[in-house]
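Q: Sharing a structure below in structure tokens format, with a few things to ask.
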Amino acid sequence: MEMPVTIIGSLLCFYLYYYFASQFLVKKFLHETGSEANQVRIFLFRKFSGFVFMGILPLLYYRIFISGTVVSDFGLRFSDFGKNVLSIAGLSFFIALFIFLVSKIKGPVRDKPQIRVRHWTTNLFLINSLGWIVYLVGYETLFRGVLLITCYHYSGFWTAIAINLAIYSAVHMVNGTGEAIGALVFGLAACLLTLLTGTIFFSISMHIVLALSTDYFAIKFNPDLQCVKNRTKTPKI
């Protein structure tokens, strides 16, 4: 019974975030367009609410309702990060290099970064990085931690991966078929690394580097966007 509940709960957490926090609350209380400061507010609200709905809430559910469950059961042992830090760093380097080459050859992704401003300061990029890091820790906790590892315990290696990929690609369909196909490739690598190493820090690191390098090279190679020095006054958020 625990595996079906986990699958339904994972989908519920994601869609509560996507349709309630990321869409409904933003439209109700914030404006989709406007000043740079408002763009930053929307971005941070979406990223931090994602961390709550996909990271905090699933772990709280397991901690409260399933006896003996701790966060380390879902691949969140910090000692694992230390043991694998060199492998994680090497993998991160090759991901960033791949994104650089693709961006240089094919051009940057036109709908990136999500903060729709033209001039990018160091401070703004740091804010962008913070938002992605917080969001993706929660995101990977849900998909590769709670969902994948629970299914693995109850259904085995390949079945757990198949379930994860089916759900992971399905939730990306809201962004188009191309992103859903890309999610299959990334998701397979993330699932394999998670189950083979017993930690989700590989998938978290991969996803963070993928997001940040995509944004950075989208700024660098897009002639409509510019990297500028920090202003003396930064927008209040």
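The values are calculated or read from the model by the stated rules, or taken from the named source; none is laboratory data. As the structure is a prediction and not an experimental result, all values here were calculated from the model. In this analysis, Cβ positions are derived from the backbone assuming ideal geometry, glycine residues included, and neighbour counts consider all displayed protein chains.
Q: If I ask for residues that are in a loop (DSSP other than H, G, I, E, B), farther than 30 Å from Phe217 by Cα and more than 18 Å from the chain's Cα centre (by Cα), which ones from the stretch 39-84 would you list?
A: Once the filter is applied, which keeps residues that are in a loop (DSSP other than H, G, I, E, B), farther than 30 Å from Phe217 by Cα and more than 18 Å from the chain's Cα centre (by Cα), the stretch 39-84 yields Ile66, Ser67, Gly68, Thr69, Val70, Arg77.
Q: Another question, if that's okay. Give the residue, chosen from Phe24, Phe48, Phe43, that is out of contact with any Gly (no Cβ under 9 Å at 6 or more places or on another chain) and over 30 Å from Thr159 (Cβ atoms).
A: Within the list Phe24, Phe48, Phe43, the selection yields Phe24.
Q: Next up: Only one of these conditions is not met by Leu148: (1) under 15 Å from the mean Cα position of the chain (by Cα); (2) within 16 Å of Met54 (Cα to Cα). Which number is it?
A: Condition not satisfied by Leu148: (1).
Q: Does the stretch 107-119 contain any residue that is of a type outside the set (S, T, N, Q), touching a Leu at 6+ places or on another chain (Cβ under 8 Å), in contact (Cβ under 8 Å) with a residue 12 or more places away in the chain and within 23 Å of Phe48 (Cβ to Cβ)?
A: Looking for residues that are of a type outside the set (S, T, N, Q), touching a Leu at 6+ places or on another chain (Cβ under 8 Å), in contact (Cβ under 8 Å) with a residue 12 or more places away in the chain and within 23 Å of Phe48 (Cβ to Cβ), one finds at least one in the stretch 107-119, hence yes.
Q: Take Phe53 and decide whether it is exposed (fewer than 13 other Cβ atoms within 10 Å of the Cβ) and not acidic (Asp, Glu).
A: The answer is no for Phe53.
Q: Of the residues Leu147, Leu165, only one is closer than 22 Å to Met3 by Cα, in contact (Cβ under 8 Å) with a residue 24 or more places away in the chain and touching a Pro at 6+ places or on another chain (Cβ under 9 Å); which?
A: Answer to the check: Leu147.
Q: Can you report the number of residues in the stretch 106-136 which are surrounded by 21 or more Cβ atoms within 10 Å (Cβ to Cβ) and either among the charged types (D, E, K, R) or modelled with pLDDT of 95 or more (or both)?
A: Residues in the stretch 106-136 being surrounded by 21 or more Cβ atoms within 10 Å (Cβ to Cβ) and either among the charged types (D, E, K, R) or modelled with pLDDT of 95 or more (or both): 5 in total.
Q: Take the stretch 195-232 and flag every residue that is buried (at least 20 other Cβ atoms within 10 Å of the Cβ), within 25 Å of Ile105 (Cβ to Cβ) and among the aromatic types (Phe, Trp, Tyr).
A: Tyr216, Phe217
Q: Let me ask something else about it. Check Phe43, Phe93, Phe24, Phe29 and return the single one that is out of contact with any Pro (no Cβ under 9 Å at 6 or more places or on another chain), closer than 28 Å to Pro113 by Cα and modelled with pLDDT of 85 or more.
A: Phe93
Q: Residue under question is Ser103, and the condition is that it be closer than 30 Å to Phe20 by Cβ, in contact with a helix residue (DSSP H, G or I) (Cβ under 7 Å, 6 or more places away or on another chain) and not charged (D, E, K, R); does it hold?
A: Here the answer is no, as Ser103 does not meet what is asked.
Q: Of these, Ser87, Ser92, Ser103, which one is within 17 Å of the chain's Cα centre (by Cα), of a type in the set (Ser, Thr, Tyr) and part of a helix (DSSP H, G or I)?
A: Ser92
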